[in-house]
Amino acid sequence: MSGNPAPIPDPSLPSADDAHATSVVHQGRSVLLEIIGLSKRFPGTQALSNVDLRVRRGEIHALCGGNGSGKSTLIKILAGVQQGEPGGMIRVGDESSPADAVTPAFADSAGVRVVHQDLGLFPDLSVAENIALGSSFPRRRSGRIDWRRMRTNAEELIERFEIRASPKTLLRDLNRAIQTEVAIARALQGRESGHGGILILDEPTTALPAAEADALMRSLRRYAQAGQSILYVSHRLDEILRITDRVTVLRDGHLAGVHETADLDEDALTTAILGRSLAHEAAVKHVPVSSAGVPVLQITGLRAGPVRGVDLEVRRGEIVGIAGLLGSGRSTILRSIFGDLDREAGEIRVAGAVLPKGSQSAAISAGVAMVPEDRARDAAFLDLPVAANISASVIARYYAHLRMQDRKMTRDAASLMATFGVKAASPAVPINTLSGGNQQKAILARWLRRDPELLLLDEPTQGVDVGARAEIYRVVRDAADAGTAVLVVTSDVEELAAVVDRAVVLRGGRFVAEIAGSALLPQHLNELIYKDVPHVDSV
Amino acid sequence: MSTVSDAGTTGSTRPRRSARAAGVDVLERTGLVLFLIALILWFTIDSTSGDIFTSGANIRQVLSNQSVTGIIALAMVAPLVAGYFDLSVAAIAGMASVTMAALVGTHGYPVWLSIVLTLLVAGIAGGVNGVLVARFKLNAFIVTLGTYTLIGGLLQLYTEGQSIANGIPESFGNWGSLTWLGVPRPFWLLIVAGLVLWYVLTQIPFGRQLESIGSNERGARLVGIRVDRTIFLAFVSSGLLAGVAGVLLTSRAGSADPTAGSAYLFPALAAVFLGATTLRPGKYNVWGTIVGVFVVAVAVNGFTLLGADAWVTPVFNGASLLAAVMISTLFARQRESMARKVLLDGFKREEPADPNTNELER
């Protein structure tokens, strides 16, 4: 990698390093949004510590950082959904508020407008109706909806934001880029163009094909030229480099730097986001896996959804990680193996036998186990006892002597709870009385008691506290040592680097790299996730 | 339930229950049974109703009358455990009643063969619901409301609105009016049906699978339960039980009235929902349902003896349906808030963590 770019000193702004020293409120009128000394503590984590952010008028300002860097928390505080710690200050235009007193009402009157990745639009309603639902429907004196005025409102906004749609078009007939523009128009209605107000876009292009993303970015540039200030949150470095004016980088809740976009290239931005700390390197210890092992899982030419043809082998006793951005198809691979998604093409073999498409029961009898990403939706029986949850994968085994052996089920569940460190009052309490980490351990116990050939883990530590994370991976490593092949997906590259023997990087629907051993470092993984890096281990 | 133990302890420790939680628990479990006993005592003590209410004839009357309602109510339980309504059971019972009378009376088939064929027809009717719900993923409430109405109409068409009474053998027509050990036979049949359903729902894996589906259908699919097949079988079993109720209905009346079945829908529905408030609160269960049937029946019988008119039946059915839904919802909310409190306490005591910080940043 090229040298670490020093944060560019900005004459109008204090640099990151002396930001804390500059505690006076920055009163430059060219700065529309100003956040000073914002901190937020959650039990066990410092989500934000003493972060400053300044967005100028008519600027597109990128907010970057890895997972857990504090971007989402910052946006939530700006929108008044959560409150910061006392001591911080937030100013938008002429209105300011202590960080611990920002309410949704303040955010609204100051002109903070957030457009989330999920746009919150109604696909079966027209553009005009969607826009009207953002404020209130114009009424006639009789109380009836004034349809004509609603349409003219919409027409004005369509003109102002140059949206290629008519007021009558149904939302679902528009592509995602235009839908995003409608969402932006809805958010900004009632605000004169260029007159205050900050538009926050949270990952607006994640679900967009390249051409639509281009169109959207051109529109955003236009809005900025008309005076609109935009805070742009994205993982996509190329977009940030193309359309933003400046970049604020957060890392682990700290301000890591403010940069002029013009001074950055992809390498420099990556370095700025990831930092150069190699602290984790020493902690990584990997068991070398003999490549002669029998492959438990063999995937050839798998195509499904965003996955465009991947090959993969996982051997007995091996933990393999799939790294990639959200939406890159990581989960699609796991779900295709488990039969939860129909694959379009390709062959999946487990222990030599081909798995049929779309059959969970076939996958399960072949010895596949899966801990899905969304525990509440896909795994836990929340109102049922812990014992029933742990036994769900083997329920038929408890039918003996013409009845269910409930006592044996409870006894076994209790001993599995001890083995897997599930903390609960008893196996009889409903699983929703347990903390997230303990629920997840119970789900793991459910599958590992079957001694699976292949264990699929999709974000196994999501919503799980730090202590439980370590325990979960200890349990997974034990299973691998006992011969299970493990395939894990996680967004946390440090976690990935620390727990897997080998990682494959998924980008653009293909595996672009495979790394193991000493090359398995979070920084390196992150670089590969975002862009091509000429490196010894790339395949 | 009640509390989360301290870090490090697992299933070996007993839960420490707060007195209040335990009280709520006991009250919830036994409330409906106590209410039934209170009703019986009241009508026994009251001088207007007392003599007749406690007479053997009245007791036998209530027990055997309610057996049909009870079996129809039981027929709803299996689909409901999986989270699906089956409103068609009353109509299927009516259809079974007419089928039975037609086979044994009009066509002169032997009784045993007629029963077998009737159950077959009822099972198929349940299976049709099952296919529509499990295979085609249609809304069960609407589907079974549709089949309920459709079957009612077809029976009118087939019978031309007339009852079928001719040719029904004495032995069969009288079976439902006789007693065994002093208790009407229909009541024994209800108990047997209850035992069979209880066994199926709680003592074999099928019941656990139904319960898992009712708790989280996607989750059930992802632990390898063959969800569609299980739901289909639940509807078939529901049809079969409704068929038993229909055969009993013909036997008790000695004839088949094409409109008789549909009247059982609301009493049965009220009983099932009342039943879910007791014994295993929040869960549809066999014995709770039977208690529910008799709560409604005893109340209606008692009030009628006190001089109330025809209005008392629908009023009591409706009121108990509303009360059942209200009670179970309120108790469920109470349980939920307790669970949440316990969870928060657990967080405070163990490693504190905020779920937000672990979420994927988008």
Inter-centroid distance (Cα atoms) of segment A:466-524 relative to segment A:396-413, Å: 36
Shape category assigned to the protein assembly as shown from the gyration tensor of Cα positions, a/c cut at 1.5: prolate
Computed FRET value (nearest 0.05) for A:Arg191 with A:Ser96, which takes r as the C-beta separation and R₀ as 22 Å: 0.75
Subset of A:Lys40/A:Lys71; A:Lys357/A:Lys441; A:Lys40/A:Lys76; A:Lys357/B:Lys137 violating a 22 Å alpha-carbon distance limit: A:Lys357/A:Lys441
Averaged over A:418-429, number of beta-carbon atoms from partner chains that fall within 10 Å: 6
Segment B:248-286 residues near the modelled B:Ser163 label - backbone nitrogen below 20 Å, point 7 Å along Cα→Cβ: B:248-265
Shielding by partners, peptide A:261-269 (average Cβ within 10 angstrom, other chains): 0
Protein-only accessible surface order, largest first, of B:Trp112, B:Trp287 at 1.4 Å: B:Trp112, B:Trp287
For the pair A and B, total buried accessible area rounded to nearest 100 Å², probe 1.4 Å: 4600
Max mean-square fluctuation residue, GNM over chain B, Cα-Cα springs under 10 Å, options B:Gly261, B:Gly307, B:Gly123: B:Gly307
Accessible surface, 1.4 Å probe, highest first, among residues B:Asp86, B:Asp51: B:Asp51, B:Asp86
For segment A:410-534, share of DSSP beta bridges that run antiparallel, in % to the nearest 5: 55
Tensor-based shape of chain A (alpha-carbon gyration tensor, a/c under 1.5 rounded, otherwise prolate or oblate): prolate
Antiparallel content of DSSP bridges confined to the protein assembly as shown, in %, to 5: 60
Two-decimal log10 I(q)/I(0) for segment A:122-190, as the Debye equation yields it once each C-alpha is a single scatterer, q = 0.27 Å⁻¹: -1.24
Segment B:27-337: C-alpha gyration tensor shape, a/c 1.5 cut-off, then a/b vs b/c: oblate
Top of B:Ser337, B:Ser212, B:Ser255 by mean-square fluctuation, Gaussian network on chain B, Cα under 10 Å: B:Ser337
List A:His401, B:His107, ordered by accessible area with a 1.4 Å probe, largest first: A:His401, B:His107
Exercise: per-residue mean of other protein chain Cβ atoms within 10 Å, A:333-345: 1
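The values are calculated or read from the model by the stated rules, or taken from the named source; none is laboratory data. Model, not experiment: these values are computed from the prediction. As a convention, Cβ positions derive from the backbone with ideal geometry for all residues, glycine included, and neighbour counts pool all protein chains shown. Surface areas here come from the heavy atoms of the whole protein model, side chains and all, with no ligands, DNA or RNA. Shrake-Rupley method; radii C 1.70, N 1.55, O 1.52, S 1.80 Å.
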